[in-house]
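Structure record follows, encoded as structure tokens.
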Amino acid sequence: MSFAFTKMHGLGNDFVIIDFRAEVQGGNSSAPSSLTPRQIAALCDRRTGIGCDQLVTLAAPNSPGADVQVRFFNPDGSEAGACGNASRCVAALLGDSPTLQTQHGLLPTTCLPGGEIRVQMGRPLTAWQDVPLSEPCDTRALPLNAPRATDHVKEGEKLDGAACSMGNPHATLFHVIEDAALLGPMLEKAPLFPERANIGFAEILSPRHMRLRVWERGAGLTPACGSGACAAVVNAVRRGLVERHCRVEMELGSLEIAWNEGTDGQSGTVEMTGPAVKVFSGLFELTDSTPWSGQREPGL
Ligand SMILES: N[C@H](CCC[C@H](N)C(=O)O)C(=O)O
């Protein structure tokens, strides 16, 4: 079974994009209309597959006003309701400022003259049930403690964090980014997060500038996380730490994030602007016996 793919990245967060729309596959009847978690893991594998942080599939939309339906999958085979960096890449790939149909609703995009892409990432969800969290709490002050000691925190010490959903669950810890690789893996699966969570580590540098590292759910440490940047600004605004328009600096560059006031000052959409780069296109042969070096059965 072979099919065409495009490799792209947004600030180093990289993607394999497969366009399953019939007209693109040229009626290639052998192209699958969907992939199993094991096939997703095989494609994402950086040794035995193509290699990427997320696999992105495109399909014909079934929502009025949408130009394309987009789904996002992590290397462990799990599906995510949002992926900011990949949303910019899909808009850049299709051109003409498409509206994306995602699990988080319709996301209008703008292909800007200088090559950057702006995506309306939808409204953040800030109620504990919507993140979701496993217990009632004020999502501006998470009941979360350090699962281990680091150079910056004692085991069991209270962590300063907030949470929201951008269509996927995000916890933002106002904590040194150096601890992302140490604390992220354990916090991703903390009991507080029934669907696991992306764990952002944010250092506030000024009211309009922060540094961010994200341990991504189902993917691990990535150079950038678009929905994580949106969530970090929303969470920091709710804590009075930054203004509603903030630059989020990550390993390979920055995103401009703006949380619009909306009617009640809380429910506006979040606008994300940044780059999207096409690296190469190719054909991939996939068989059910394609080996993959993953550590566990995908999709868990
Ligand atoms: N790992 C995330 C999805 C990818 C998000 C990230 N790559 C972005 O740019 O938003 C999750 O399971 O919710």
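The values are calculated or read from the model by the stated rules, or taken from the named source; none is laboratory data. None of these values were measured; they are calculated from a predicted model. No Cβ is skipped: glycine too gets one built from the backbone with ideal geometry, and neighbour counts run over all protein chains shown. The accessibility values were calculated without ligands, DNA or RNA, using every heavy atom of the protein model including side chains. Shrake-Rupley method; radii C 1.70, N 1.55, O 1.52, S 1.80 Å.
Observations
- Qualifying positions in segment 38-49 - touching a Gly at 6+ places or on another chain (Cβ under 8 Å) and crowded, with 18+ Cβ neighbours inside 10 Å: ILE40, ALA41, ALA42, LEU43, CYS44, ASP45
- The lone exception for GLY84 - which of (1) more than 18 Å from CYS230 (Cα to Cα); (2) in contact with a helix residue (DSSP H, G or I) (Cβ under 8 Å, 6 or more places away or on another chain) it fails: (1)
- Taken over segment 37-65, the residue count meeting the criterion of being assigned to a loop (DSSP other than H, G, I, E, B) and at pLDDT 90 or above is 14.
- Residues of segment 188-218 satisfying the condition of being crowded, with 23+ Cβ neighbours inside 10 Å and farther than 20 Å from CYS83 by Cβ: MET210
- Single unsatisfied condition, LEU221 versus (1) open to solvent by 10 Å² or more (accessible area, probe 1.4 Å); (2) under 26 Å from PRO113 (Cα atoms); (3) not hydroxyl-bearing (Ser, Thr, Tyr): (2)
- When each of ALA236, ALA180, ALA190 is tested for being closer than 30 Å to GLU157 by Cα and away from the ligand (no atom under 16 Å from the Cβ), the lone residue that passes is ALA236.
- If you go through segment 226-255 and keep only what is outside any strand (DSSP E or B) and farther than 23 Å from SER267 by Cβ, you end up with GLU251, LEU252.
- Meets criteria (within 11 Å of the ligand (Cβ to nearest atom), under 19 Å from LEU182 (Cβ atoms) and touching a residue at least 40 places away in the same chain (Cβ under 8 Å)) for ALA231: no
- Within segment 150-162, the set of residues being open to solvent by 20 Å² or more (accessible area, probe 1.4 Å) and in a strand (DSSP E or B) comprises LYS158 only.
- Scanning segment 50-101 for residues that are more than 10 Å from the ligand (Cβ to nearest atom), open to solvent by less than 20 Å² (accessible area, probe 1.4 Å) and within 12 Å of ILE18 (Cα to Cα) returns LEU55, THR57, LEU58, VAL70, VAL90.
- Count of segment 102-113 residues which are surrounded by fewer than 19 Cβ atoms within 10 Å (Cβ to Cβ) and closer than 16 Å to ALA59 by Cβ: 2
- Checked against the criterion of being open to solvent by 40 Å² or more (accessible area, probe 1.4 Å) and without any contact (Cβ under 8 Å) to a residue 40 or more places away in the chain, segment 115-124 has no qualifying residue.
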